[in-house]
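Comments concern the structure below.
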Amino acid sequence: MAFQAKGGAFEPVEKTYENSFDGDKVIQRHTVLPASEDEPEQHHLKRSLQNRHIAMISIGGVIGTGLFLGTGGALASGGPLGLFLGYTIMGSVCFSVMVGLGEMISYLPIEGGHIALAHRFVDPAWAFALSFNYAYNWLIILPAELSACAVLVNYWIDSINNGVWITIALVVVIGINLCGARGYGEAEFFFSMIKVLTITVLIFVGIAINCGAGPSSTGYKGFTYWKNPGPFTQYKGINGSLGQFLGFWSVLTQAAFSFIGTEIVAITAGEAVNPRRNLPRAIKKVYIRILLFYVLGTFIIGLIVASDNENLGTTSDAKASPFVIAIEEAGIKALPSIINACLITAAWSAASADLYTSSRALYGIALNGDLPKIFTRTTKSGLPYVALIVASLFSFLAYMGIGTGSGQVFGWLSNMSALAGLMSWFAISVTYLRFRGGMEVQGFDRSTLPYKSVFAYWGAWYAIVMIAIISFFSAWTVFLRDSWDTATFITNYLPLVIFPVLFVGKKVISKTTWRSLDSLDYITNIAEIEAEAYEEPRAATWYGRLANNIF
């Protein structure tokens, strides 16, 4: 809020920003009228996340327990080649979503991230459906990650009630988020460093094991497991190419859920320092992380563990990790416990990110007017404390996992959250197509964008088609003979119904309109964003320049 001194008092000052996209042609004009003097000052999110925080947050969205543990069941279902292809294809979908999102959020790094962008470039009803779908996804994943923390501790100790470990994790996660965006960024930087180092070490250890390292090693493996039991598995004993294809498809579905979360870098846009520079740097490195950690990681897994290994997918702790299985078979002591400790920090990191993302999602929904304005209240330091408190309350659902009956219900809620994540990607891709279409209609020069990708347009269409296919066939296993499961069918397909119901319901009740391309707003907030952009000085030391290249 801006005021100008006049006669010993303060009066509001009107600010006008003008921008042109095509020579002297002014496409739009936006006038900001500050609130009256009688209105209480409204605090907002503060830009406190540095470049290194944003970079490691984007890495943290990619690396999770899914890579360490979930790949075990995927290997058993699809074989080494099925595992590799499944994660590679889903990596391409993830990349396609991120480059489109990167163009939008780098140009408009505003509070609310892609939720606010959907409201501006598509339809308030579309933003409504996306926002509640997205919030549900992260509010339910949060207690799931807290439960995972307890299960991982069971690798060492199983005599203590899991509620104790859930409580400890809960205190850690809420404590981190109470420190605000900067505190969360510092914690995520530390946790993500551990995850990156862990997967890097495991890849090198996997290569060494494949070459015959280890006291109990039987020698060089090479592509032995690709030959016997084979590159693909026969899913559920179904013979021929059909069984092999179904095994690969089951991996594709599993891999889709492992990549969900990469987009959280967009939610940080409203709290990022110098976002016009730092967000593009983070987005540009997404493909490197996908290739190094997921594609290379799954390829190594297929070389060091047989797809018919009886330990794959049997537990939810480190014993089920393909890396741990290979290390134990090679006779390397102590390393499995170290890996389990790293997995616990990965679960803490994921839970902390879930709470951060869900609280900012609630904040963004309130900014759009779809939740009471009380959710937009922040402290002077920029912490959205009301949204954080409400999001924290959902974490107590983790205790449902302790009981047998409630644990089953919680499992259903968690399964639905995975499909909700895919629907969010679908909505983001549609939003990008609208963003891109409006640029063409209004004569916007794309060369002026802070970040742009030649893959963004067709990548968005590719992501839309692939997500639609994967989501539609996500519960195909229930249609196999003697495999019907009502809970699986409902939890997989209910999110696909909820999204259009939210969208249509909002349109009918609020009578919203699908925004025309020639009326899309590319101006609001731009003057403020450009005023905050600056060229950062070149690092004076070699290690400083190295850090800048990494982050």
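If you average the alpha carbon positions of segment 361-393 and of segment 496-521, how far apart do those two centres end up, in angstrom? Measuring centre to centre over Cα atoms gives 23 Å. Shown are GLU111, GLU263, GLU186, whose ranking by accessible area with a 1.4 Å probe and every protein chain present, most to least, is GLU186, GLU111, GLU263.
Solvent-accessible area of HIS119, all protein chains in place: 50 Å² (probe radius 1.4 Å, heavy atoms, ligands and nucleic acids excluded). Accessible-area rank, largest first, for LYS506, LYS236, LYS373: LYS236, LYS373, LYS506, with all protein chains present and a 1.4 angstrom probe.
Taken as Cα centroids, segment 134-153 and segment 70-133 sit 19 Å apart, rounded to the nearest whole angstrom.
Determine the shape class of segment 215-306: with a ≥ b ≥ c the square roots of the Cα gyration tensor eigenvalues, call it rounded for a/c under 1.5, and otherwise prolate if a/b is greater than b/c, oblate otherwise.
Values: a/c = 4.11, a/b = 1.95, b/c = 2.11.
In terms of gyration-tensor shape, oblate.
Of all DSSP bridge pairs formed entirely within the chain, close to 90 percent run antiparallel.
If I require 27 Å or longer along the helix axis, counting alpha carbons, and a Kyte-Doolittle average no lower than 0.5, what helices from the chain are left? Use full DSSP H segments. Don't skip to the end; give the middle numbers.
Working: long enough: 71-107 (43 Å, 1.14); 124-153 (44 Å, 1.25); 180-210 (44 Å, 1.20); 240-259 (30 Å, 0.91); 335-367 (48 Å, 0.95); 404-441 (56 Å, 0.56); 486-510 (34 Å, 1.31).
Within the chain the helices that satisfy the rule are 71-107, 124-153, 180-210, 240-259, 335-367, 404-441, 486-510.
The share of accessible area on the chain that comes from carbon and sulfur is 63 percent, using a 1.4 angstrom probe.
What does the helix-only formula give at 222 nm for the chain: each DSSP H stretch with n ≥ 4 adding -39500 (n - 2.57), the total divided by the residues, and the result rounded to the nearest 500 deg cm²/dmol?
Values: 19 runs with 328 residues, N = 551.
That comes out to -20000 deg cm²/dmol.
How much area per residue is accessible in the chain when the probe is 1.4 Å and only protein heavy atoms are counted (Å²)?
Details: 23140 Å² over 551 residues.
Normalised by residue count, the accessible surface of the chain is 42 Å².
Taking all protein chains as shown and a probe of 1.4 angstrom, ASP445 keeps an accessible surface of around 70 Å². Can you give me the C-alpha center-to-center distance between segment 169-196 and segment 230-265, rounded to a whole angstrom? The distance from the Cα centre of segment 169-196 to that of segment 230-265 comes to 32 Å.
The values are calculated or read from the model by the stated rules, or taken from the named source; none is laboratory data. Keep in mind that what you see is a predicted model, and the values were worked out from it rather than measured. For accessibility, only protein heavy atoms count, side chains too; no ligands or nucleic acids. Shrake-Rupley method; radii C 1.70, N 1.55, O 1.52, S 1.80 Å.
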